[in-house]
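One structure is given below, encoded as structure tokens.
The values are calculated or read from the model by the stated rules, or taken from the named source; none is laboratory data. Owing to the predicted nature of the structure, the values given are computational and were not obtained by experimental measurement. A quick note on method: Cβ atoms are made from the backbone with ideal geometry, for glycine too, and the neighbour counts reach across all protein chains shown.
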Amino acid sequence: MNAAQPPTLFIVSDGRGATCAAVLQAALVQFPGQNPAVVREAHVRTPEQVEAIVLAAAQQDAVIFYTLVADATRRAMHVAAAQQAVPVVDLLGPSLSALHDLFERAPRAEPGLLYASERDEFDRRDAIDFTLKHDDGRRPDGLARADVVLVGVSRAAKSSTCFFLAYQGVKAANVPLVPDQPPPPALVALPKEKVIGLVVNPVRLITVREARVRHLGVDAGGDYTDLESVKREVRSVHRLMLGQGWRTIDASYLAVEEIAREVMRLRGLPERNLG
């Protein structure tokens, strides 16, 4: 090895290499002042890829740190490293062997499972953040990024359904509709299939609204809970939904998870655990 050149370390993974990189970084902090060159080889899925990487490492007098779970690539790493006399560190091997003995079963040997799990969690957090920012008609300029937009009158379970969906990784926004007022232009501009209206019958809606005002400790009078006023409001908004060609769900007596399941079905979104 040329003394003027820093040593080279290879990170080899059948996923993104994040686990391998994290472990290597944790070890490197114990060697202050050392600045090795790090070559990251991700998504390594074939023996041929492994053999080419080992050959490159041999030419650079490098050490390979790897997290491979598939039998074929693990065997290829063992054979190629022995042939090329390349030092290798199997970061997952001991853990897989210990768990194999503990559980008395073979690992799935399926690359990318950790990333898939992390991706689901990232999607969930991203969706929750999106729904928080686009609740109750806020930030209409961002509606185009939503997976679904729920519309309806006040207290039609729009927000609660959106947050239930967001926890499943669905970017859900909601926009309240006001009688005799045009909907926001950004809402009308969306593809019709992306917008779903939640319909509640007037009697049920009044019950929900009265419970709400009691909880807030305010006066329950006025058009907000007046039967005739609520009937007009519901009819007006329903006509608006039909006029825009938006599909609707009668949410009068459905639980939030039932509404969410129907929203997913109408939107053709992947099945998730909604129960």
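Go through segment 90-111 and count every residue that is surrounded by 11 or more Cβ atoms within 10 Å (Cβ to Cβ) and either over 16 Å from VAL44 (Cα atoms) or of a type in the set (S, T, N, Q) (or both). Break it down stepwise before answering.
Applying the first criterion (surrounded by 11 or more Cβ atoms within 10 Å (Cβ to Cβ)) to segment 90-111 yields 90-93, 95-97, 99-100, 107, 109, 111.
Still in the running and either over 16 Å from VAL44 (Cα atoms) or of a type in the set (S, T, N, Q) (or both): 93, 95-97, 99-100, 107.
Summing the residues that are surrounded by 11 or more Cβ atoms within 10 Å (Cβ to Cβ) and either over 16 Å from VAL44 (Cα atoms) or of a type in the set (S, T, N, Q) (or both) in segment 90-111 gives 7.
Regarding segment 174-182, can at least one residue be identified that is within 24 Å of the chain's Cα centre (by Cα) and either at pLDDT 95 or above or assigned to a helix (DSSP H, G or I) (or both)?
Step one: list which residues in segment 174-182 are within 24 Å of the chain's Cα centre (by Cα), which gives 174-175.
Restricting the remaining residues to those that are either at pLDDT 95 or above or assigned to a helix (DSSP H, G or I) (or both) gives 174-175.
Yes - at least one qualifying residue is present in segment 174-182.
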- Item | Residue check, ASP226 exposed (fewer than 12 other Cβ atoms within 10 Å of the Cβ) and out of contact with any His (no Cβ under 9 Å at 6 or more places or on another chain) | no
- Given (1) buried (at least 20 other Cβ atoms within 10 Å of the Cβ); (2) within 20 Å of VAL149 (Cα to Cα), LEU205 misses just (2)
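Looking only at segment 11-29, filter to residues that are touching a strand residue (DSSP E or B) at 6+ places or on another chain (Cβ under 8 Å) and hydrophobic (A, V, I, L, M, F, W, C); which one of those is nearest to THR73 (Cα to Cα)?
Of segment 11-29, the ones touching a strand residue (DSSP E or B) at 6+ places or on another chain (Cβ under 8 Å) are 11-15, 17, 19-21, 23-24.
Checking the rest, the ones that are also hydrophobic (A, V, I, L, M, F, W, C) come to 11-12, 20-21, 23-24.
Numbers: ILE11: 14, VAL12: 11, CYS20: 16, ALA21: 19, VAL23: 20, LEU24: 20 Å.
Residue satisfying both the conditions and the ranking: VAL12.
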- Message: Among (1) modelled with pLDDT under 90; (2) more than 28 Å from the chain's Cα centre (by Cα); (3) in a loop (DSSP other than H, G, I, E, B), there is one condition VAL86 misses while meeting the rest; what is its number?
- Response: (1)
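If you check ALA72 against the conditions, is it surrounded by fewer than 18 Cβ atoms within 10 Å (Cβ to Cβ) and either small (Gly, Ala, Ser) or modelled with pLDDT under 90 (or both)?
Values: surrounded by fewer than 18 Cβ atoms within 10 Å (Cβ to Cβ): yes; either small (Gly, Ala, Ser) or modelled with pLDDT under 90 (or both): yes.
Judged against the criteria, ALA72 is a match.
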- Task: Taking the residues in segment 96-122 that are hydrophobic (A, V, I, L, M, F, W, C) and in a loop (DSSP other than H, G, I, E, B) as candidates, determine which candidate is modelled with the highest pLDDT.
- Result: ALA106
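So, of the residues in segment 137-166 that are in a helix (DSSP H, G or I) and in contact with a Ser or Thr (Cβ under 9 Å, 6 or more places away or on another chain), which turns out to be nearest to GLU228 (Cα to Cα)? Reasoning before the result, please.
At the first step, the residues of segment 137-166 found to be in a helix (DSSP H, G or I) are 137, 140-145, 158-166.
Retained after the next criterion (residues that are in contact with a Ser or Thr (Cβ under 9 Å, 6 or more places away or on another chain)): 159, 162-163, 165-166.
Numbers: SER159: 25, CYS162: 29, PHE163: 31, LEU165: 33, ALA166: 35 Å.
Per the stated criteria, the residue is SER159.
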